[in-house]
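S.K.: Pasting a structure below so you can have a look.
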Amino acid sequence: MVARVRTVAFQGIEAVPVDVQVMVAPGKVGMQIVGLLDKAVAESRERVQAALHASGLSMPSKKVTVNLAPADLPKEGSHYDLPIALGLMAALGATPGDMLAGYVVLGELSLDGTIAAVAGALPAAIGANAEGKGLICPFACGPEAAWAGKDFDILAPRSLVAIANHFRGTQVLSRPEAGIQVSARDLPDLADIKGQESAKRALEVAAAGGHNLLMVGPPGSGKSMLAQRLPSILPPLAPKELLEVSMIASVAGELGEGKLTDRRPFRAPHHSASMAAMVGGGLRARPGEVSLAHHGVLFLDEFPEFSPQTLDALRQPLETGDCVIARANHRVTYPARIQLVAAMNPCRCGMSGEPGYRCLRGERCRTEYQARISGPLLDRIDLRIEVPAVSASDLIRPDRAETSAAVAQRVARARAMQRERLERLGATSAGTNAHCPPAIIEEIAKPDTAGLTLLKDASEKLGFSARAYHRVLKVARTLADLDASETVGRIHLAEAISYRMSAERMAQAA
């Protein structure tokens, strides 16, 4: 007799069906698991045997063969423990196999028979719901899996004994409630920053249109403080965005207590991060920082201190909105629609260009340091601003600056205008001006006569690339949205070009 239990394997954030086949037959006593396994799956044999023994079931004095089909699909992770154990229990008659047929199962077993949490419960639940099946998952993953649907059948037992009692009808398991993580109200506020009005304006523009931002200034000028306050002015995640972000976090095992949150991700990796840590990879092709920041902010402090290869690996995700990890035996794609915010010193000593300071290495110090960032990467950054040192008069000023709540209202209004406009034009995948296709941005950001003349002159003098041209239009469209203007005027283009001019000078140095 062959008992069958359905589980999943993960390819990116997609849950691929896997059929666990368990056969108990005469032969040499032992348990064999086959099906292109990694080390964690191969070791499940010992965990399953110990968990069954702790639950009051003994292994049969026969040959037990477990096949994970399809056999040519790589199987990774510890979530195969529970489906293997339930398949073996069904083969022994301890649980009804016909009742297991309506569920997708995943979970890791402890030696005492309890079921430990695993990564990927949310994608597995969504995949099971699409197939019309229920889900059996660890108790800790129940609040996460419950987001797959209100009428979705979920069993979240704490142990093997609990699931066996449920099927016998002696201890019925209740459906878990969807978990939501309450957003913290104590986010850093823009009102804490004194002075830097130009930088705050650029931060508001970046938040309103989802634009990439680079801040250049001496140490202590407030670049990191500004970046850390960007989440406080960003709108919460939309339902579709929330699901995408949570699926990536689930696969990475970063959903705390199985609870979802509508706060946009803010990732700030150290500059020693490797390319695999940044864009994803490793033996099991896990998502990197760029994917964990999907629909959120990726903040790179000390921008030139990252390795040039790691920075240039960001060029494709910034352009396409996804990250493709190719290996010899498989290919994985993770979403990576991010807003890049970077901060850097103007030179190695950090004080180049500051009044009263003279660098001993001269202009060479500034040029060599900024040349660590490639021109193609700079071409993808919409806003580049200088953040000068804060003066003493700004620091001792008693009045409090504008709060994040006030700025967030303007950002929300601008994003609402963008969303309605793009839905009307059928570009719902864009979401913001920064991700709008070139053909559409030329239509919705068509400048007036004076603005067109200014844009033409600036393009010729500064040598804008085609990408730079369209990104200037996108920033100008965002500026018009902040002013609640349907047309893009000369004043909007002038400000957008001013954000671009510094980037063009820096690209020439690179």
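S.K.: Quick check: from the Cα gyration tensor, does region 201-360 come out rounded (a/c under 1.5), prolate or oblate?
M.R.: Working: a/c = 2.42, a/b = 1.48, b/c = 1.63.
Verdict is oblate for region 201-360.
S.K.: Here's something else I'd like to know. Once Rh for the chain is found with the Kirkwood sum over Cα pairs, what is the Stokes-Einstein diffusion coefficient at 37 °C and 0.692 mPa s, in µm²/s?
M.R.: Taking Rh from Cα pairs, D becomes 129 µm²/s.
S.K.: Expected output is a single nm value to one decimal: the length gained when fully extending between Arg424 and Lys28, i.e. 0.36 nm times separation in residues minus the C-alpha distance. What is it?
M.R.: 135.8 nm
S.K.: Still on this structure, I have one more. How many lysine pairs does region 18-167 hold where the Cα atoms are under 18 Å apart and the two sit 8 or more places apart or on different chains?
M.R.: For region 18-167, the number of qualifying lysine pairs is 4.
S.K.: Moving on. Quick one: Cα centre-to-centre distance for region 241-320 and region 379-447, in angstrom?
M.R.: 22
S.K.: Can you tell which of Leu260, Gly463, Met247 lies farthest toward the positive end of the dipole of the chain, using +1 and -1 charges on the Cβ of basic and acidic side chains (Lys, Arg; Asp, Glu)?
M.R.: Looking along the dipole axis, the top candidate is Gly463.
S.K.: Among the aspartates and glutamates, which have Cα under 12 Å from the Cα of Lys194 when same-chain residues fewer than 8 positions away are ignored?
M.R.: Cross-link targets: Asp394, Asp399, Glu402.
S.K.: In whole percent, what relative contact order does region 1-150 give with Cα contacts below 8 Å and a gap of six or more residues?
M.R.: Working: 317 pairs, mean separation 39.6, N = 150.
Averaging sequence separation for qualifying contacts and normalising by length gives 26 percent for region 1-150.
S.K.: In nm, give the distance between the simple-model label positions of Arg397 and Asp38, each being 7 Å from the Cα along the Cα-to-Cβ direction.
M.R.: In this crude spin-label approximation the distance works out to 5.3 nm.
Readers should treat all values here as calculations from the given coordinates under stated rules, not as data from a laboratory. Every value quoted in this text rests on a predicted model; they were computed, and no experiment measured them. No Cβ is skipped: glycine too gets one built from the backbone with ideal geometry, and neighbour counts run over all protein chains shown.
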